[in-house]
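Shown next, in structure tokens, is the structure this report addresses.
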Ligand code: DX5
Ligand code: ZN
């Protein structure tokens, strides 16, 4: 089973000093940096582009988990790969040939990830998982577009459905993850935890990252 990792989402950082935010995550012991890319079409918000990923690539050696909330991610994967993304995640709901795009992400030298929104059945991603096209599955526990939203517990059953079929899959959960919600998420089998608000608003990010990791490890996969 893959190990527990904590991935701060810089969407919650001070946009006026993203370099400092990246360094703060590194000092806090984060395992990866989660970067939320939004086009204002697939989701009702616009966030950041390849230039921010390239900045982060210059500033840190932490892997970058780049979450494309784009209607047509196939048009942008090359730019994000060139910018230094380690994992590029696309949505099953996107307007693209998902299987072809996942293959192309790998062809660019990145790990591939498939993401599913709260209203979408988890079965929708099983075909590309069966074909071995995804290195990471991202289960959304909020409707994408904004940080600071309330955790949707229904995501847990989706995590468990993937974990029971694919014991070695990297399974991330994203949205409303804090020191409490990380517990049921980990208990159902998630091993990668995206957290924006709860980490960037914490008085001590290092302590929060350590506590989140400990809370997850204490119950990891206990519900399987
Ligand atoms: C939402 C993003 C999430 C979000 C998480 O569309 O995909 O990564 O930034 O933020 P919090 O942890 O504040 O819910
Ligand atoms: Zn995200």
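Figures for the structure shown
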| quantity | calculated |
| --- | --- |
| The stretch 61-128, Rg to Rh (Cα coordinates; Rh as Kirkwood inverse mean 1/r) | 0.96 |
| Column: log10 I(q)/I(0), Debye, Cα scatterers of the stretch 112-211, q = 0.12, 0.14, 0.21, 0.24 Å⁻¹ | -0.37, -0.49, -1.02, -1.26 |
| Taking the convex hull of Cα positions in the chain, its mean projected area over all directions (nm²) | 10.5 nm² |
| Among 123, 99, 19: highest mean-square fluctuation, GNM of the chain, C-alpha pairs under 10 Å | 123 |
| Rounded Å value of the spacing that divides the Cα centres of the stretch 85-130 and the stretch 25-53 | 17 Å |
| Using alpha carbons only: equivalent-ellipsoid semi-axes of the stretch 1-51, gyration tensor based, whole Å | 22, 16, 7 |
| Relative contact order (%) - criterion: Cα under 8 Å, at least six apart; region: the stretch 131-224 | 28 percent |
| GNM result for the chain, Cα springs below 10 Å: residue of 109, 176, 145 fluctuating most strongly | 109 |
| Net length gained if the chain between residue 126 and residue 206 were fully extended (0.36 nm per residue, minus Cα distance) | 25.2 nm |
| Relative contact order [Cα under 8 Å, 6+ residues apart], the chain, whole percent | 20 percent |
| Rounded to whole Å, sorted largest first: equivalent-ellipsoid semi-axes of the stretch 149-194, Cα gyration tensor | 17, 10, 8 |
| Residue among 76, 188, 34 with the largest mean-square fluctuation in a Gaussian network model of the chain, springs linking Cα atoms under 10 Å | 76 |
| For the chain, calculated [θ]222 nm from helices alone, where every DSSP H run of n ≥ 4 adds -39500 (n - 2.57) | -9500 deg cm²/dmol |
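Laboratory data are not the source of any read-out in this text; all were calculated from the coordinates shown. This one's a predicted model, so the numbers in the text were calculated from it and none came from an experiment.
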